[in-house]
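S.K.: Would you mind keeping the following structure in view while I ask a few things?
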Amino acid sequence: MLRLSLSLLLVVSCGRHAGTFPVPEQGALDLGADPGGMASFIQMADPAADDYIVRDIGREPGVYRWAFRYPELRFRVLPAEGLDFAMELAVPDITFQVTGPVTVTYKLDGKVLGSVHCDHAGKYQVRKHVPAGWIQPNQYTHVTFEADRRWVSPEDGAQLSFLLFNAGFTQ
Amino acid sequence: MLQVLSILLGAAFTVGTAMALGSLLLNRLRLTLYRQEAILLSFVGGSALLSLAIFFLCLVNQARRNVFLLGGLAAIVWAWRQARSEARPKAFPDAPKIWHVSFLVLVGAFFFIYFFNALAPETSPDGSGYHLGNVLRIWQHHGFVWTYHSMYSYLSQGMEMLFLVAFSIGRHSAASLVHFAFQLTLPLLIAAYGRRFGFPVAGFFAAILVYVSPVVGKAGASAYNDLAVATLLFAVFYLLEIWDENQEVNLLIFIGLLAGFAYAVKYTGALALPFVWGRLLLRRRDAGQHIGTWRQLAIVTAAAAVMILPWVLRNWIWLGNPAAPFFNAWFPNPYYHPGMERIYLDDLRHYVGIRHWWQGPWQITAAGRSTQGMIGPIFLLVPMAVLALRHLRGRRLILAGLVFAIPAYFNSGARFLIPMLPFLSLALGLALPAFRGVLPILALCEALACWPQVLSHYCDPANWHLGSIPVAAALRLTPEPVYLKDHLPDYTLKAALETFVAPQAKIFSLNTRTEAYLNRTFVVGYESAFGNLAQDLFAVAYDPQNQPAVRRRLRFLPVITRAVRVVQIASASSFWRAAEMRVYARGKELARSPEWRLSAWPNSWEVQLAFDNSYATRWSSWQAMAPGMFLAIDFGRPREIDEVNLEEPRAPESKVQVEVLDSRARWVPLTDTAEISPLDIPQGLRRAVTRELKARGIGYLWVEDADFFADDLRKNASYWSVTDLKAARGMHLYILN
């Protein structure tokens, strides 16, 4: 009786076993457009700026944000032709005194688009035409920056490249 | 008028058949009962037998009108012939005339309200929703529909079995009238209890309090089951009291049947059987009859099992969960998620709008907003019932009332207090006679205070109660469709639904619809695992918080293994979710192969959602995040891998580790260090949702303006790829293009 009860309990308590399953039919990841979402240009003061930051750009809200070692942004651009890449950055006096002139190179999806040479402390505006075919419409485009000299904090080793005010694509 | 006759015939035939079966049963059991209580208990006991018989007919798909008529008439004729040959049982001793008359007048007045409300087209939320929705579905298929999945179809449906008989003749209102019959039986049984045990005044008093209670009136005049279960629980108590005096063994069979039927009618009725056990065991101590008590327990349990097991076994075999739709964590199954069960139960327990403890008694007795109904202002006097503790029967009544009030702890609805009312009312009746003349005054005041037109002056406008006496609608002088359109917003889309939507098509809705009148199949967001999946699709497309916003990248030295899994090592109250799991070797994703086998714990049934290359779908544990949960791939042969990625919504509380299967079939942990980066969510999620829904057989959406995605759907219909077919009263019927 006890054995029967225990067996029954075991059977009942197990519930239904799912087993394993094959790989299902694979879907298509891109099915057209959605309204809203990411734009082609972002001000760092915009509350949505965090969505554009992939890595190494400060998360503290403000009109500018610190770019660290490997800063990266992403955009979604609808028209793919006739675009300029534009950004505003600054090298503050306090870091310039340590680093001296800085060259910031910017790449689109890994391809070098251009660079800006900052030979004094202050604000710089960048505008560079994007060659045709570099951007796929309505797809994510990643922009990475690389400063050849960075200010390194003597206390915690944090590396600061420059201050970023805005970036993106314009027509 | 013909329609009214068919409604009355349907109800009368069902009640008559039940009484005939009950009469045959009581005769076979040779129980010594008074005439009045024998009639009432015949109906109650016969209902159990009829319900069981219909269950088996549903099992073999023979739930047909002719079968009901044939079987019912046979039972009626048999019982009638038997009654002719038997001596009539003796009647109760005379009760005080004034109380007899008062009882008839007050109960008669409320009977009039309740009868016309029950006879009017059924428009109660659960009645026109799932109670009669289930009945309609079973009726159309002549039996249980195993392919249809909704938590409401998993509940025991002992009452729906009775509804089905009435429905087969008189449709919806006939079913309501069957419940109305239980509503009338309860006060008569309470009065009978008082008369049998020597306190007729308290009995009549309690019967009036219960019958005029607004929530009793509303629930009893609807196709619900609360009055049936309350009647059964009281009948069980009543019979135990008789058994206490005469020790008839056959009485235990009857008690067991009714206790089991209480479970079959409503899960909360499951309390009846342990109550009976407790009572028998407690008496054992008094009487010292050890062996006899165990036999008694066995008899009661066996009789109850006859009524309980059919429903338990049905769910166990059908769903893998004998207690479905509850206890899903104990009995995992692909049809209802434990997490959804938790959300559902938490919601039921939640009192909206009660901020201080003292608001509770007012809401439950006189306001009725937060508790979706009220039991009547006199029950504010319930503390006085403690005076009944002076009497043995008073103590028993209060104990029974407290036991049968347990479900009210889990459900804030006033309906869940109905089973307690007969006991507390009787206890009050026993407690208050010390104050001369107080009982008639209280009974009269309560009846006046609960009269619908009076009630409306002080209760909350949102209180669930009978507000009128719809004589014209009941007699069908107002055409049924007109009345239904006025009282059921869903009914306004009925014509469009049945014109545009093919009979076999499925419609997704976030909320329960009035399925008893809408002759199509709905997939409701919270009612099934399938509904959860459909609702989750909308949540993902609409709400960025639900979208796979990050990639969790776990890298390790290259390893050759046959299987890999990602194991959760954190705990949190949220569910663990993953839109996609990908495996890499030397920077390239391993192509998903037909030889792979996928599994997960828990919720392995939906593991494919993490491997379908669709960001609209996602696998979810559907349980609170806990260590040991996993997503696993068996490659079918050794493969070299060095990276696993999870693409998931932001979940900082989650922490996972990668494990691989070694040559000795042991899982070896490799790393729990994850690099988390934003994920580029592709466009077209809305369209992806439409595609996923269509792939799963859902072709239409029933959307209310208040639904969380309603605005987005309306503004961006082309992005969703849907077309609004018909809109009315804040509801839209969309077709997926």
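Here, each number is a calculation from the coordinates, and none is a lab measurement. Model, not experiment: these values are computed from the prediction. Quick reminder, even Gly has a Cβ in these numbers, built from the backbone with ideal geometry, and neighbours come from all protein chains shown.
S.K.: What net charge do the residues around B:W311 carry, taking every other residue with its C-beta under 13 Å from that of B:W311, with Lys and Arg at +1 and Asp and Glu at -1? Before the final figure, lay out each step's value.
M.R.: On the way: positive: B:K266, B:R314; negative: B:E160.
Around B:W311, the surrounding residues sum to +1.
S.K.: Here is a further query. For the stretch B:548-678, divide the Cα radius of gyration by the Kirkwood radius and give the resulting Rg/Rh value with two decimals. Mind showing how you got there, number by number?
M.R.: Details: Rg = 13.4 Å, Rh = 14.5 Å.
Here Rg/Rh amounts to 0.92.
S.K.: Which value does Rg/Rh take for the stretch B:407-543 over its C-alpha atoms, Rh per Kirkwood? Can you show the working numbers first?
M.R.: On the way: Rg = 22.5 Å, Rh = 19.9 Å.
With Rg and the Kirkwood Rh in hand, the quotient comes to 1.13.
S.K.: Mind jotting down the distance between the C-alpha centroids of the stretch B:678-717 and the stretch B:56-133, whole Å?
M.R.: 48
S.K.: Take every residue in peptide B:675-683, count the Cβ atoms of other chains within 10 Å of its Cβ, and give the average of those counts.
M.R.: Mean partner shielding for this stretch: 6.
S.K.: Using only the Cα atoms of the stretch B:57-129, what semi-axes does the equivalent ellipsoid have when each is the square root of 5 times a gyration tensor eigenvalue? Give whole Å, largest first.
M.R.: Values: eigenvalues 221, 156, 17 Å².
Equivalent ellipsoid semi-axes, largest first: 33, 28, 9 Å.
S.K.: Hey, got the dipole for the stretch A:39-170? About the Cα centre, +1 on K and R Cβ, -1 on D and E Cβ, debye to the nearest 20? Walk me through the numbers on the way to the answer.
M.R.: Working: 13 positive and 16 negative charges, 51 e Å.
The calculation lands at about 240 debye.
S.K.: Further question on the same structure: Going by how many other beta carbons lie within 10 Å of each one, how would you line up B:T690, A:T103, B:T185, fewest first? Mind showing how you got there, number by number?
M.R.: On the way: B:T690 23, A:T103 13, B:T185 26.
Least crowded to most crowded, the residues run A:T103, B:T690, B:T185.
S.K.: Which aspartates and glutamates, on any chain, are close to B:K494 with Cα under 19 Å apart, when same-chain ones fewer than 8 places away are left out?
M.R.: Cα-Cα hits under 19 Å: B:E122, B:D126, B:E480, B:D486, B:E515, B:E704, B:D705, B:D724.
S.K.: Averaged over peptide A:90-102, how many Cβ atoms belonging to another chain are found within 10 Å of each residue's Cβ?
M.R.: Numbers: counts 0, 0, 0, 0, 0, 0, 0, 0, 0, 0, 0, 0, 0.
Counting other chains' Cβ atoms within 10 Å and averaging over A:90-102 gives 0.
S.K.: Listed here are the pairs A:K128/B:K588; B:K506/B:K726; B:K694/B:K726; which of them are more than 26 Å apart at the Cα? Mind dumping the intermediate values first?
M.R.: Working: A:K128/B:K588 33 Å; B:K506/B:K726 17 Å; B:K694/B:K726 20 Å.
Checking Cα-Cα distances, A:K128/B:K588 exceed 26 Å.
S.K.: While we're here: Membrane-span-like helices in chain B: DSSP H runs reaching 24 Å or more (Cα, own axis), mean Kyte hydropathy at least 1.6? Before the final figure, lay out the partial values.
M.R.: Working: long enough: B:2-29 (39 Å, 1.55); B:35-59 (36 Å, 1.66); B:65-85 (30 Å, 0.50); B:97-119 (31 Å, 1.71); B:158-196 (38 Å, 0.92); B:226-246 (30 Å, 1.07); B:249-265 (25 Å, 2.24); B:290-319 (39 Å, 1.02).
Span-like helices, by this rule, are B:35-59, B:97-119, B:249-265.
S.K.: Now for a separate question. Compute the acute angle (0 to 90°) between the alpha-carbon long axis of helix A:2-14 and the principal axis of greatest extent of the alpha-carbon atoms of chain A; round to the nearest 10°.
M.R.: Approximately 30 degrees, to the nearest 10.
S.K.: Still on this structure, I have one more. Give me Rg over Rh for the stretch B:2-458, both radii from the alpha carbons and Rh done the Kirkwood way, two decimal places. It would help to have the intermediate numbers written out before the result.
M.R.: Values: Rg = 21.1 Å, Rh = 22.3 Å.
Checking Rg against Rh, the ratio lands at 0.95.
S.K.: Now, a different point. In the structure displayed, which of B:K266/B:K485; B:K655/B:K715; B:K218/B:K266 lie more than 27 Å apart, Cα to Cα? Walk me through the numbers on the way to the answer.
M.R.: Values: B:K266/B:K485 30 Å; B:K655/B:K715 38 Å; B:K218/B:K266 18 Å.
Among B:K266/B:K485; B:K655/B:K715; B:K218/B:K266, the Cα-Cα distance tops 27 Å for B:K266/B:K485; B:K655/B:K715.
S.K.: By counting other Cβ atoms within 10 Å of each Cβ, how are B:M159, B:M1, A:M44, B:M625 ranked from fewest to most? Before the final figure, lay out each step's value.
M.R.: Numbers: B:M159 28, B:M1 8, A:M44 23, B:M625 20.
Going from sparsest to densest Cβ surroundings: B:M1, B:M625, A:M44, B:M159.
S.K.: Separate question: Restrict the search to the stretch A:55-109; then list the trypsin sites (Lys or Arg not before Pro) that DSSP places in a loop and that have at most 12 other Cβ atoms within 10 Å of their Cβ. Working shown, then result.
M.R.: Numbers: sites: A:R55, A:R59, A:R65, A:R69, A:R74, A:R76, A:K107; in loops: A:R59.
Passing sites in the stretch A:55-109 are A:R59.
S.K.: Next up: How do B:D94, B:D705, A:D51, B:D226 rank when sorted from fewest to most other Cβ atoms within 10 Å of their own Cβ? Don't skip to the answer; put the middle values down first.
M.R.: Values: B:D94 9, B:D705 12, A:D51 17, B:D226 29.
Result, fewest neighbours first: B:D94, B:D705, A:D51, B:D226.
S.K.: Follow-up. I need the semi-axes of the equivalent ellipsoid of chain A: take the C-alpha gyration tensor, multiply each eigenvalue by 5, square-root it, list largest first in whole angstrom. Numbers along the way, then the final one.
M.R.: Working: eigenvalues 469, 121, 37 Å².
Over the Cα atoms of chain A, the ellipsoid semi-axes are 48, 25, 14 Å.
S.K.: Here's a follow-up. Can you tell me the relative contact order of the stretch A:39-170? Whole percent, Cα pairs under 8 Å, sequence separation 6 or more. Don't skip to the end; give the middle numbers.
M.R.: Values: 312 pairs, mean separation 49.6, N = 132.
Reported relative contact order: 38 percent.
S.K.: With the dipole of chain B worked out from charges on the C-beta (+1 for Lys and Arg, -1 for Asp and Glu) around the Cα centre, which of B:P96, B:L439, B:T521 lies farthest toward the positive end?
M.R.: B:P96
S.K.: Taking each residue of B:330-340 in turn, how many C-beta atoms of other protein chains fall within 10 Å of its C-beta, and what is the average? Don't skip to the answer; put the middle values down first.
M.R.: On the way: counts 4, 5, 5, 4, 2, 1, 0, 0, 0, 0, 0.
Mean number of neighbouring Cβ atoms from other chains: 2.
S.K.: Would you mind working out the magnitude of the charge dipole of the protein assembly as shown relative to its Cα centre, with +1 at each Lys and Arg C-beta and -1 at each Asp and Glu C-beta, to the nearest 20 Debye?
M.R.: Result for the protein assembly as shown is approximately 3240 debye, rounded to the nearest 20.
S.K.: With chain A treated as a Gaussian network of Cα nodes joined by springs under 10 Å, which of A:P47, A:P101, A:P24 yields the largest mean-square fluctuation?
M.R.: Taking springs between Cα atoms under 10 Å, the residue moving most is A:P24.
S.K.: Going through the stretch B:415-498, which trypsin sites (Lys or Arg not before Pro) have at most 15 other Cβ atoms within 10 Å and a DSSP loop state? Could the numbers behind the result be given before it?
M.R.: Working: sites: B:R415, B:R436, B:R476, B:K485, B:K494; in loops: B:R436, B:R476.
Taking the stretch B:415-498 and a limit of 15 other Cβ atoms within 10 Å, the loop trypsin sites (Lys or Arg not before Pro) found are B:R436.
S.K.: Highest mean first, what order results for A:120-131, A:153-164, B:591-602, B:257-268 on Cβ atoms within 10 Å?
M.R.: Details: A:120-131: 13.7, A:153-164: 15.2, B:591-602: 16.8, B:257-268: 27.7.
By packing density, highest mean first, the sequence is B:257-268, B:591-602, A:153-164, A:120-131.
S.K.: Would you please report the Å³ per residue occupied by the convex hull of the alpha carbon atoms in the protein assembly as shown? If you can, show how the numbers build up before the last one.
M.R.: Values: hull volume 194.9 nm³, N = 908.
It comes to 215 Å³ per residue, whole-number rounded.
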